[in-house]
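Colleague: I have a structure I would like to understand better, so I am pasting it below and will then ask my questions one at a time.
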Amino acid sequence: DGSGSVPRDGSGPPAPERVLFPPTFSVSEIKNKQRRHFMFLRWKQQQRKEKLALKKKRRKEREALGDKAPPKAIPKTIENQRVYDETTVDPNDEEVAFDEATDEFAPYFNRQTVPKILITTSDRPRGRTVRFCEQLATVIPNSHVYYRRGLALKRIIPQCIARDFTDLIVINEDRKIPNGLVLSHLPEGPTAHFRMSSVRLRKEIKRKGKEPTEHVPEVILNNFTTRLGHSIGRMFAALFPHDPQFIGRQVATFHNQRDYIFFRFHRYIFKSEKKVGIQELGPRFTLKLRSLQKGTFDSKFGEYEWIHKRREMDTSRRKFHL
Amino acid sequence: SLQVVWSMLGNRQFCSYKMTTKTQNFCRNEYNLTGLCNRSSCPLANSQYATVREEKGRCYLYMKTIERAAFPRRLWERVLLSKNYEKALEEIDENLIYWPRFIRHKCKQRFTKITQYLIRIRKLTLKRQRKLVPLRRKIERRENRREEKALIAAQLDNAIEKELLERLKQDTYGDIYNFPIHAFDKALQQQDAESESDSDAEREEDDDDDEDVDKREFVEAEDSELSDFEDMDKLETSSEEEQEEEEEVEKQASHSKSKGKTPLKGPARRKRPYIEIEYEEETEPSTKTKAA
C-alpha cells in the first residue's frame, strides 16, 4: 500500500516515511478538506525549512569568503523598479528653471505676493467636514473659512480675486466625510483636483500635544520628481508664506509616495545634533491627483493639462506620474 | 355592462394595470386620473372619462366618450391647454362642461400638480446639479490597498526626521540651535596634542563660541520659556559651560514673555560642527522653500 496512499488515521500526524506519493501527485488533489489542509501545512513547513537551510548555507558561504564575498544583493522594491519617467526633473535643467521663473507661481517665489487662502466646502457640509476645515485653517496661516451656501464657484472666483485671495481650497464632501479637494491658484492659476482619503482629525490622532500655534510652519516636499510632480509641489509650496518662523518649530510635510501625497503636520524638537523628535499635531490626510487644469476652476470649458485616465495610466504597477 | 366590467376587473378577475399594496390599490393605466384603482377612476370601467397629461412640458386634456367606444384609434381626444394657468383651467371647464363633477375636479387638481412640478423642474435645471459618479468597488479596494502599502513604504516619520536633520546640517536654522558642543569638545581634546595650526583654528573657534555663548543665551530665552525640563535631565551634560548656560537660561526663562506655546522643550545648546559635511539635496522644491 505504498504508492498513492494517504494515511487513513484521521488528522493525526502520520510518520513521513510511511507515505509515498507518485511523482505527479499534488496536495491540491486530495478531496478531503481536512486532510488536504493538513498536508498543505506540512508542505508549507517543509518549504520554510528548505528556505531557512538555503539562507544559512548562503550565509556560511559568505562568511567563509570573508572579504572576497560578492556584495549583498539589493532587494527589489517598487521604487527601485519604477518605470523611468521621461519627464523627471533634473535639478540642473535650464528649461525647467526657465519655466518655473515664468509660470504662475513666479510672483509667489519672487516674494511679490503673500499667500491668502480661502477654504470652503461643497453645499451643506456636515460636522466632520466643518471641523476638518477649521483645523486646516489653523494649519495654514493666513487662511479663512467661508461657508458655501449654494454659491456657484464661477461667481465666487472673481470676488476672491477682487479681495486679493491667492488660493482657493474647496473640500468636497460625500456621505458626511470629506473625500475631495480642489486647489486653485487664483489669479489665473492652475487648478488641481484631488481625491482625499483617510482624513484624521486632531482628536483622532494619538498624540498628547497641544494645538498648532500661529507661527508660520516650515514646509517639506518630498519625492516630487516629474514635471507634473514639480508643478504640484510648487502649488503646495505657494500655500505657505515664504519665511517660516523657526521659533514655532512646526513643519508641514507633503510626502509623495507612489502617487499618493501624504500630508502631515508635526512639531519637532532637536534632542541632539543627530536626533530629532517629532510629535504629530494637526490633521492628516492623503491626496491622489485626479486632474490638473490650466486655468481656474471650470469643469466644462477648462483646458486640462493632465487627467488621470484609468485605462491608460493604471496598466503598470511600476509606473507613477508624480 | 360597465358594471360587469368593473366587477370583473375590480374585484374578481385580473386587471393588469392594478397594483395592490397593503393599504391601497393603484392603477398603472396611463390615462388614469387619480392613480388609484376605484370604480370611478378606472378608465376601462368608465365610458365617459377625461385626464390631463403632459408631454414635453405642455399639458393636454384627454377625453373619452361613449360614441367613440367602438373606435379604439380615435377613442382619446386630445386638447392642448394654454400655458397660462387660469386660462387653462377655464379651458378644462369649457371642454368638460356638463361632465360629472368628480372628473372635472380631479382634472383640475391633476393639472395643478403637473404645472407645479414642471415649474420645479425648470428651477432645478438652472441651479448647479450634483454629478453623481458611481464608485467602482474593485477600483476603490485597489486604491485603498495601494495607499496602505504606499504609506508603509513611505516611512514618513523617518523621512521627516531625516529632512529636518539635513536642514539642520545645512544651517537653515542659523543660530537658533547651536548643537554639537559635545562633539566639538571631544574633537578638541583629541586634537590638543596635534599641530599648532589646528589649535589656532580652535582658538578662533573658541572666540566665536564665546560670542555665540552670549547670543545663544539671548536667543534661547525666547525659545524656551516653558518648563518641560525632562529632556534636560536625560541629556548628558559633561562640560561646565553647558551647566552655566543652563542656569542662565533658566533665569532668563522666568523673565521672558511668552510668545507662543512650545510644549516640547528644547535644550538646544550645541555648536555647529566645525567639520563641514556636504549633503546633497534630493528634491529641488525643498531648497526653494527654505528661508533665505
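Colleague: What's the total number of residues in the range B:149-170 that are surrounded by 12 or more Cβ atoms within 10 Å (Cβ to Cβ) and more than 7 Å from every other protein chain (Cβ to nearest Cβ)?
Modeller: 7
Colleague: To continue, here is another question. Does the range A:285-295 contain any residue that is under 20 Å from B:K162 (Cβ atoms) and not polar (S, T, N, Q)?
Modeller: No, because not a single residue in the range A:285-295 is under 20 Å from B:K162 (Cβ atoms) and not polar (S, T, N, Q).
Colleague: Would you point out which residue out of A:Q250, A:Q257, A:Q245 is surrounded by 20 or more Cβ atoms within 10 Å (Cβ to Cβ) and closer than 21 Å to A:G277 by Cβ?
Modeller: Residue meeting the stated conditions: A:Q250.
Colleague: Kindly state which strands (runs of 3 or more DSSP E) lie completely within the range A:202-306 and contain at least 2 residues that are under 19 Å from B:Y173 (Cβ atoms) and not hydroxyl-bearing (S, T, Y).
Modeller: A:218-222, A:250-257, A:260-270, A:276-280
Colleague: Conditions: (1) more than 10 Å from every other protein chain (Cβ to nearest Cβ); (2) at pLDDT below 90; (3) under 20 Å from B:E147 (Cα atoms). A:R310 meets all but one. Number of the miss?
Modeller: Going through (1) more than 10 Å from every other protein chain (Cβ to nearest Cβ); (2) at pLDDT below 90; (3) under 20 Å from B:E147 (Cα atoms) one by one, A:R310 breaks only (1).
Colleague: Give the residues of the range A:108-164 that are part of a helix (DSSP H, G or I), at pLDDT 85 or above and touching a helix residue (DSSP H, G or I) at 6+ places or on another chain (Cβ under 8 Å), sorted by residue number.
Modeller: A:Q135
Colleague: Residues in the range A:281-303: is at least one within 11 Å of chain B (Cβ to nearest Cβ) and surrounded by fewer than 18 Cβ atoms within 10 Å (Cβ to Cβ)?
Modeller: yes
Colleague: On to the next question. So, in the range A:197-222, how many residues would count as being away from chain B (no Cβ under 11 Å) and not basic (K, R)?
Modeller: 4
Colleague: So, one more: When you check A:T296 against the structure, is it in the same structural domain as A:T166 (by the TED database), of a type in the set (S, T, Y) and more than 17 Å from the chain's Cα centre (by Cα), yes or no?
Modeller: yes
Colleague: For the range A:77-97, name all the residues that are assigned to a helix (DSSP H, G or I) and either closer than 13 Å to A:H230 by Cβ or outside the structural domain of A:I232 (by the TED database) (or both).
Modeller: Matches in the range A:77-97: A:E95, A:V96, A:A97.
Colleague: Go through the range B:96-111 and report how many residues are part of a helix (DSSP H, G or I) and touching a residue at least 12 places away in the same chain (Cβ under 8 Å).
Modeller: Adding up the residues that qualify gives 8.
Colleague: Also: Out of the range A:203-222, which residues are touching a Ser or Thr at 6+ places or on another chain (Cβ under 9 Å), buried (at least 20 other Cβ atoms within 10 Å of the Cβ) and in contact (Cβ under 8 Å) with a residue 60 or more places away in the chain?
Modeller: Answer for the range A:203-222, where residues must be touching a Ser or Thr at 6+ places or on another chain (Cβ under 9 Å), buried (at least 20 other Cβ atoms within 10 Å of the Cβ) and in contact (Cβ under 8 Å) with a residue 60 or more places away in the chain: just A:P212.
Colleague: Counting only residues that are in contact (Cβ under 8 Å) with a residue 40 or more places away in the chain and among the charged types (D, E, K, R), which one in the range A:85-106 is surrounded by the fewest Cβ atoms within 10 Å (Cβ to Cβ)?
Modeller: A:D103
Colleague: Tell me which of these A:T138 doesn't satisfy, since it passes every other one: (1) closer than 18 Å to A:F265 by Cα; (2) free of Cβ contacts under 8 Å to residues at least 40 places away in the same chain; (3) not acidic (D, E).
Modeller: The single condition A:T138 does not satisfy is (2).
Colleague: Return the residues of the range A:82-97 that are under 23 Å from A:R317 (Cβ atoms) and more than 12 Å from chain B (Cβ to nearest Cβ); say none if nothing qualifies.
Modeller: Hits for the range A:82-97 are A:V83, A:Y84, A:D85, A:E86, A:T87.
Colleague: Another question about this same structure. Confirm whether B:S16 is part of a loop (DSSP other than H, G, I, E, B), at negative phi and surrounded by fewer than 16 Cβ atoms within 10 Å (Cβ to Cβ).
Modeller: Yes.
The values are calculated or read from the model by the stated rules, or taken from the named source; none is laboratory data. All figures in this text were calculated on a predicted structure; none of them were measured in a lab. For neighbour counting, all protein chains shown are included, and Cβ atoms are generated from backbone atoms with ideal geometry for every residue, glycine included.
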